[in-house]
Amino acid sequence: MTHVVTQSCVGDGSCVYACPVNCIQPTPDDPRFELAEMLHIDPEACVDCGACVSACPVEAIKPHSRLDERELAFEAINADYHRSRDPRPALAPVPAPLVVRDRGERLSVAIVGSGPAAMYAADEILTIPGARVRVYERRQTPYGLVRTGIAPDHRRTRRLTRQLDRIAAHPRLSMHLGVEIGRDVDEADLLRENHAVIYAVGAASDRPLDLPGADLPGVAGATSFVGWYNGDPDHHGRTFDLSHRRAVVIGNGNVALDVARILSVDPESLSETDIARPALDALRASAIEEVVVVGRRGPSESAFTLPELVGLAATPGIVVRTEQHDLDAPAAGGPKLDLLRGLTARTGEGRAITLRYLRSPVRIEGRGRAERVELAVNEPAPGRPGAVRATGARETIEAGLVLSAIGLRGREVAGLPFDQSSGAVPNQRGRVELGGEREGVYVTGWMKRGPSGFIGSNKACARETVETLVEDFGSGRLGSRPSRAASPSRRWLDPSVR
Ligand code: NAP
């Protein structure tokens, strides 16, 4: 029996270090790790010890004999990854422990935000003997996008909260909920009490859809829709009109697949999840029969990941389909394209998700609200792999709801530099070069590298930021601070999610 990595893999690499035979690839030291859509177990090398199962924070790894029908495709996906790979060392190289110069005072760090990037940074800092972490979260509940971003039907991925709970329960960490930096506490106060401040506030808004008609009622950014169905207080009271038979989602990343799936899945299958009740009620009354997901480039450039497409294609009650002529253009092969080809002209019972390619949105039209989307038809640009050019042809799709899922965008933090093109704070391995009184400001996560990668990518990212911080602490770049004990008064403990 061998084990298999399945859809909920968050790529944090915990399983890699648990494996006694290094059969899970790519490993975090491999340059391919950062772009890997999931990790893969080599069935030839797996010794069936199950160490990876215990290490995985989201129950993504199963013995192959326990895969359910919807997960069977992952057996081949794991095995295929290992065909024709180079030999690997007997054990994955483990990162060296952080070494902190003894300055006669304990390192103390404030972290702004409590999503995975923040908590992974806290976890790294807490490996340092005596080091203290104070986490500040503006919401009344912690963990950022793990609560407000992961779709409710991705139950195993949402179990990441348990790993974050374990970090939050560390006796040298204090969690301060409902505290907004800049409103309730100033950064200067944090720097007076701590050696450093790490900002990890993520990228919680949409890249703007700059099109005529984008401000019509019936058009919205995907993050507000995701926040609505996840009960995010930032989107409390939002409503979405689901009375038309078709919705269009612009962009084809994982956010696009999430919103298309939630609009299409049988609402009763969501009733036992954490979905917000107003969203469930609205989905129960929805008239939507088809969701069209529009990508401006070809199928090989689909921004969604293979595990998410496999999961979507296997969701009961949804017919996912592509159109043959969208797949006719010359394109590189690969498992994603093979799967897309298999979806061509699929029929069946249930709501349809249609993946359209080589279409750029031009405008959204309607009398007083969105009624149709005009699309420019593209074709591959000769000699420029992955690029497209407009053919001059246009198409119109009737739709009453248009969701823009064209990528996320970091929120600018007052007083921090911000690069508009990358959507991130310029930094040197996590250090924000502000100088003077503001020496000791760092960033991690999407704020540091832009909104890309997977939840687990934040682990290596946090490690790098903390390494820089520790070097700066050791070199004397960070001045001494009063070592005040963390106040336990607002320490967060929520037994309901343990
Ligand atoms: P994304 O992966 O960056 O995808 C953005 C999509 O929008 C791409 O298809 C892009 O096309 C398209 N786009 C960009 N500008 C456009 C424009 N002006 N007009 C039309 N299309 C445009 O963004 P995302 O889906 O928001 O995801 C953000 C991050 O969160 C990703 O790292 C994703 O993996 C992660 N995430 C993961 C999960 C999961 O694992 N289940 C769930 C949600 C989010 P081009 O490729 O042509 O630019």
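The values are calculated or read from the model by the stated rules, or taken from the named source; none is laboratory data. Values in this document were obtained by computation on a predicted structure and should not be read as measured data. Cβ: placed from backbone, ideal geometry, glycine included. Neighbour counts: every protein chain shown. Protein only, heavy atoms only, side chains kept; ligands, DNA and RNA dropped before computing areas. Shrake-Rupley method; radii C 1.70, N 1.55, O 1.52, S 1.80 Å.
Of all residues in the range 145-169, exactly one satisfies the criterion of being in contact with a strand residue (DSSP E or B) (Cβ under 8 Å, 6 or more places away or on another chain) and of a type in the set (Gly, Ala, Ser), namely ALA168. Residues that are in contact with a Gly (Cβ under 8 Å, 6 or more places away or on another chain) and under 22 Å from GLN163 (Cβ atoms) do not occur anywhere in the range 41-57. The set of residues in the range 202-220 that are open to solvent by 60 Å² or more (accessible area, probe 1.4 Å) and under 20 Å from GLY410 (Cα atoms) comprises ARG207, PRO208, ASP210. Among all positions in the range 82-90, there is no residue which is at pLDDT below 95, closer than 22 Å to LEU312 by Cα and part of a helix (DSSP H, G or I).
Please work out if LEU375 is touching a helix residue (DSSP H, G or I) at 6+ places or on another chain (Cβ under 7 Å), assigned to a strand (DSSP E or B) and modelled with pLDDT of 95 or more. In short, no.
In the range 151-172, the residue that is surrounded by the most Cβ atoms within 10 Å (Cβ to Cβ) out of those that are part of a loop (DSSP other than H, G, I, E, B) and within 16 Å of the ligand (Cβ to nearest atom) is ALA151. Checking each residue in the range 391-405 for being over 20 Å from ALA303 (Cα atoms) and either part of a strand (DSSP E or B) or at pLDDT below 95 (or both) picks out THR391, GLY392, ALA393, ARG394, GLU395, THR396, ILE397, GLU398, LEU401. Picking from SER224, SER205, which residue would you name as being within 16 Å of the ligand (Cβ to nearest atom) and out of contact with any strand residue (DSSP E or B) (no Cβ under 6 Å at 6 or more places or on another chain)? The conditions single out SER224.
Among the conditions (1) open to solvent by less than 50 Å² (accessible area, probe 1.4 Å); (2) away from the ligand (no atom under 16 Å from the Cβ); (3) assigned to a helix (DSSP H, G or I); (4) of a type outside the set (Lys, Arg), LEU312 misses just one, which is (2).
Looking only at the range 110-150, count every residue that is among the hydrophobic types (A, V, I, L, M, F, W, C), part of a loop (DSSP other than H, G, I, E, B) and crowded, with 24+ Cβ neighbours inside 10 Å and tell me the total.
Residues that pass the stated criteria total 1.
Within the range 431-444, none of the residues are within 13 Å of the ligand (Cβ to nearest atom) and not aromatic (Phe, Trp, Tyr).
Could you grab the pairs with beta carbons closer than 6 Å, sequence gap of 6+ or different chains, first residue in the range 153-177 and of a type in the set (Ser, Thr, Tyr), second one open to solvent by less than 30 Å² (accessible area, probe 1.4 Å) and within 16 Å of the ligand (Cβ to nearest atom)? Close Cβ pairs (under 6 Å, with a partner that is open to solvent by less than 30 Å² (accessible area, probe 1.4 Å) and within 16 Å of the ligand (Cβ to nearest atom)) amount to THR157/SER8; THR157/VAL58; THR157/ILE150; THR161/TYR143; THR161/VAL146. For the range 4-56, residues that are open to solvent by 10 Å² or more (accessible area, probe 1.4 Å) and touching a Lys or Arg at 6+ places or on another chain (Cβ under 7 Å) total 3. One residue stands out in the range 408-430 among those that are on the phi > 0 side of the Ramachandran plot and open to solvent by 30 Å² or more (accessible area, probe 1.4 Å): the one that is farthest from the ligand (Cβ to nearest atom), namely GLY415.
Screening the range 450-470 for residues that are open to solvent by 50 Å² or more (accessible area, probe 1.4 Å) and within 10 Å of the chain's Cα centre (by Cα) and picking the one that is farthest from GLN7 (Cα to Cα) gives SER452. Of the listed requirements (1) surrounded by 15 or more Cβ atoms within 10 Å (Cβ to Cβ); (2) among the small types (Gly, Ala, Ser); (3) free of Cβ contacts under 8 Å to residues at least 12 places away in the same chain, SER271 misses just one: (1).
Is it true that ARG103 is within 16 Å of the ligand (Cβ to nearest atom) and open to solvent by 50 Å² or more (accessible area, probe 1.4 Å)? Against the criterion (within 16 Å of the ligand (Cβ to nearest atom) and open to solvent by 50 Å² or more (accessible area, probe 1.4 Å)), ARG103 does not qualify. Only a single item in (1) within 12 Å of the ligand (Cβ to nearest atom); (2) at pLDDT below 95 is not met by ILE262, and it is number (2).
Is it the case that the range 208-217 has a residue that's in contact with a strand residue (DSSP E or B) (Cβ under 8 Å, 6 or more places away or on another chain) and part of a helix (DSSP H, G or I)? Checked the range 208-217: no residue is in contact with a strand residue (DSSP E or B) (Cβ under 8 Å, 6 or more places away or on another chain) and part of a helix (DSSP H, G or I).
Number of residues in the range 1-14 that are away from the ligand (no atom under 13 Å from the Cβ) and within 17 Å of ILE77 (Cα to Cα) equals 5. Filtered by the rule that a residue be open to solvent by less than 20 Å² (accessible area, probe 1.4 Å) and in contact with a Lys or Arg (Cβ under 9 Å, 6 or more places away or on another chain), the range 231-247 gives a lone residue, ASP232.
Looking only at residues of the range 271-309 that are assigned to a helix (DSSP H, G or I) and within 16 Å of the ligand (Cβ to nearest atom), we find that the one that is nearest to SER224 (Cα to Cα) is GLU308.
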